[in-house]
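Q: One structure follows; several queries about it will come next.
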Amino acid sequence: MTDTDVLVVGAGPVGLTLAAELRRHGVDCRIVDRLPDPQPHAKAIGIVPRTLEVWDTMGLVDRVLDEAVPHLGQIVYVDGKARPQVELTLPPEVAYPFATLPQCTTERLLTEHLARFGTEVERPVELQAVEVRPDAVQAVLAHPDGRTERLSARYVVGCDGAHSLVRKAAGLTFDGDALPELYMIGDVELDWELPAGYSMRSVNLDENGEMDDMLVCIPMGARRYWLSMLRPNNSQATPADPDTGTGTDTGARTTTTAATTENSPTTSDDTTLGSGSGKGPDLGQIQAVLDRLAPEVTTASSLRWSSAFRTSHRLVDRYRNGRLFVAGDAAHINPPIGGQGLNTGVQDAHNLAWKLALVVRGLAEEELLDTYHAERHPVAQEMVNRTVQHARNVRQVGSGPLNGGAQAERMLWRQAQLLVSYPDSPLTAAQTENRTAEAGPAAGHRAPDCRGLISDLAAYPRRLFDLLRTPRHVLLLFAGPEHASGQGAERLEACASAAQRAAHGQLDAYFITAADVPQDARPVGLRPSRVRDADGEFRAAYSPQDGEAILIRPDGYVSGRFHPATPERVAEHLRHTFV
């Protein structure tokens, strides 16, 4: 017997996302954090469109949208002269834009969301040791009253930041390096008249065309900005601690770490992110940078928090070792460009949660958990490489990674993390035909949203994301004229029944009838539910063929496309996931 199914170590955005998703999937878990209270700092603030889609699936996005602010683009200056403005504009079929949200607010919203499942973060509780046994993990937890608890869990997930004790206990390497520059950041208010929703980037270049001074200001609300600046005397940086980065999660900290870290309780000007760091700048130091680089005269006020840090880039060799897993900054750290780190970590958690849930509930074999590394490690590798390259390039180009050029649109989609895909995953069905981008998402790719779906029992149109807001797989059966009724509909209904049996009931199925099918044409029987593609948006987004089945995983990725759809093919594919 174990005390809990999963122990989550660290209650930053990644750990909170994982715990909330485990509970939504019906899995027992505990989540602990060594800090007595959440840190009240902005820290990681960038939220990309794909993460908003994840939070939509979780049922959290409405509360996020109430508190986040749009990030519309970036105004760029080089040596005091305006450069082409960068617009963060995505096509209208993408449900959510880029946004900013202080990390402390993100954590509060996720904590409240987790509490709706009856689970609270246990604070201050510190993981001191883990011992992996054949059937469970024995964890030693230190409580604030001096009590030591020995906890047995089936699995332990380290969301405990760059100094992860879980990662070290799992024997995972964390290779990488540090970049030479030292940075300062500050959370302040500015009284300028720059357009709301736009960040501002101003750099000065030396005689070799390399950056020797920099200011980036990112909006977080009315006149509130997150400022990033080069720190004076960069050459005095100290050597990097190999386990330190610009982490965002909190949790266990090993006794080998002597320096103040991103997880340390601090005052407003004594927070550090990464190695080689000291006290953050005061208002006077921030004002001096603004006086040099701001495009108009402005005064900084209301300093909430500041820090000095040196960025690192590191990546684990594996995301899993037996019953121990890592996610977020425990698995990868990167230069803080484009808000990629936090968002990648949240999506790590979203990928792992549904797989752990199926295994814990006995609906999938242990091998399913190997797909967590297979899918997420390449994503983190690409993200780390890309942000490191951007950090190095920015010394030669003052306008940043999204400024113009033939690749700008694709880079924007990559920054939005809408191009993350798992085409080579063991859970992805082989394509039966070549599909172009115009032919809709291929197996392994993100399932896009669409609107205008009319159901029999609602007088208003629904979104496809409304159907996907479930912890189960979803099977979409497209019925054109040949499959809207009669034998064609019977074949699709047989596919739905076979799929639900293969998934042990953990699957929702929908007939989606084409707009040109008469409204009185109905599939045989009452199940699965029917929605009508009234405006043709589903057909435009997915380019389905009459009688095709599209299987979507709980994390919103297309698992397989089957045409012609047969019960045998759909059920056989699901057996790669389910026992």
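The values are calculated or read from the model by the stated rules, or taken from the named source; none is laboratory data. Since this is a predicted model, take the numbers as computed values, not measurements. In this analysis, Cβ positions are derived from the backbone assuming ideal geometry, glycine residues included, and neighbour counts consider all displayed protein chains. In case anyone asks, the SASA skips ligands and DNA or RNA and just uses the protein heavy atoms, side chains included. Shrake-Rupley method; radii C 1.70, N 1.55, O 1.52, S 1.80 Å.
Q: Using only Cα atoms and rounding to the nearest 10 degrees, what angle (0 to 90) does helix 340-360 make with the longest principal axis of the chain?
A: 40
Q: Take the solvent-accessible surface of the protein heavy atoms, probe 1.4 Å, and return the percent of it on region 98-205 that carbon and sulfur atoms account for.
A: Of all accessible area on region 98-205, carbon and sulfur atoms account for 47 percent.
Q: Another one. Within a Cβ distance under 14 Å of Pro97, other residues only, what is the Lys/Arg minus Asp/Glu net charge? Display every interim value, and only then the final one.
A: Details: positive: Arg50; negative: Glu53, Asp56, Glu87, Glu93, Asp449.
Overall, the nearby charge balance is -4.
Q: Evaluate the distance, in nm, between pseudo-label points positioned 7 Å from the Cα of Gln431 and of Asn385 along their respective Cα→Cβ axes.
A: Taking the simple label geometry, Gln431 and Asn385 are separated by 2.1 nm.
Q: Multiplying the sequence separation of Glu122 and Asp546 by 0.36 nm and subtracting their Cα-Cα distance, what value in nm do you get?
A: 147.5 nm
Q: Given a Förster distance of 22 Å, report the FRET efficiency between Arg108 and Ala222 from their Cβ-Cβ distance, rounded to the nearest 0.05.
A: The value I calculate is 0.70.
Q: Considering only DSSP beta bridges whose two residues both sit in the chain, what percent are antiparallel, to the nearest 5?
A: Expressed as a percentage, antiparallel bridges in the chain total about 65.
Q: Hey, with R₀ at 30 Å, roughly what FRET efficiency would Thr566 and Arg361 work out to, going by the Cβ-Cβ distance, to 0.05?
A: Values: r = 28 Å, r/R0 = 0.93.
Efficiency at R0 = 30 Å is approximately 0.60.
Q: With labels modelled as points extended 7 Å from the Cα through the Cβ direction, what inter-label distance (nm, one decimal) is found for Arg392 paired with Gln407?
A: So the label points at Arg392 and Gln407 sit 1.3 nm apart.
Q: Then there's this: Mind checking the full-extension length gain between Asp145 and His504? Use 0.36 nm per residue of separation minus the Cα-Cα distance, one decimal, nm.
A: Value of the extension gain: 124.8 nm.
Q: Once label points are set 7 Å from the Cα along Cα→Cβ at both Asp516 and Asp317, what is their separation, rounded to one decimal in nm?
A: The modelled label-to-label distance comes out at 5.8 nm.
Q: Could you grab the Rg to Rh ratio for the chain? Cα atoms only, Kirkwood for Rh. Present the calculation step by step, with values, prior to reporting the outcome.
A: Numbers: Rg = 24.7 Å, Rh = 24.9 Å.
My calculation puts Rg/Rh at 0.99.
Q: Test of understanding: what is the full-extension gain from Asp37 to Asp177, defined as 0.36 nm times their sequence separation minus their Cα-Cα distance?
A: This chain segment gains 47.3 nm when fully extended.
Q: Compute the FRET efficiency between Thr299 and Glu67 as 1/(1 + (r/R0)^6), taking r as their Cβ-Cβ distance and R0 = 22 Å, and round to the nearest 0.05.
A: So the FRET efficiency works out to roughly 0.25.
Q: Also, quick follow-up: So what's the back-of-envelope 222 nm ellipticity for the chain, counting only DSSP H runs of four-plus at -39500 (n - 2.57) apiece and dividing by all residues, rounded to 500?
A: One gets -7500 deg cm²/dmol as the mean residue ellipticity at 222 nm.
Q: Just how large is the dipole of the chain about the Cα centre, in debye to the nearest 20, putting +1 at every Lys and Arg Cβ and -1 at every Asp and Glu Cβ?
A: The dipole magnitude comes to about 720 debye.
Q: Give me the 1.4 Å probe accessible area per residue for the chain, excluding ligands and nucleic acids, in Å².
A: 38
Q: Relative to the compact globular guide of 2.2 N^0.38 Å, what is the alpha carbon radius of gyration of region 423-499, as a ratio?
A: Taking N as the residue count of region 423-499, the ratio is 1.28.
Q: I would also like to ask the following. Could you list the GluC sites (Glu not before Pro) in region 94-180 that lie in coil according to DSSP, counting only those with at most 13 other Cβ atoms within 10 Å of their Cβ?
A: Answer in residue order: Glu120.
Q: Antiparallel versus total DSSP beta bridges in region 463-556: what percent is that, nearest 5? The partial results should precede the final answer.
A: On the way: 4 of 15 bridges.
Antiparallel bridges make up about 25 percent of those DSSP assigns within region 463-556.
Q: Further question: If one takes the longest principal axis of the Cα atoms in the chain, at what angle in degrees, from 0 to 90 and to the nearest 10, does the Cα axis of helix 49-58 lie?
A: Long axis of 49-58 versus the principal axis of the chain: about 60 degrees.
Q: Which residue, chosen from His473, Cys450, Gly547, occupies the Cα position most advanced towards the positive end of the dipole of region 448-579, where the dipole is computed from +1 (Lys, Arg) and -1 (Asp, Glu) charges on Cβ about the Cα centre?
A: Value computed over the given set: His473.
Q: Using DSSP, restrict attention to beta bridges with both residues in region 74-215 and report what percent are antiparallel, rounded to the nearest 5.
A: 80
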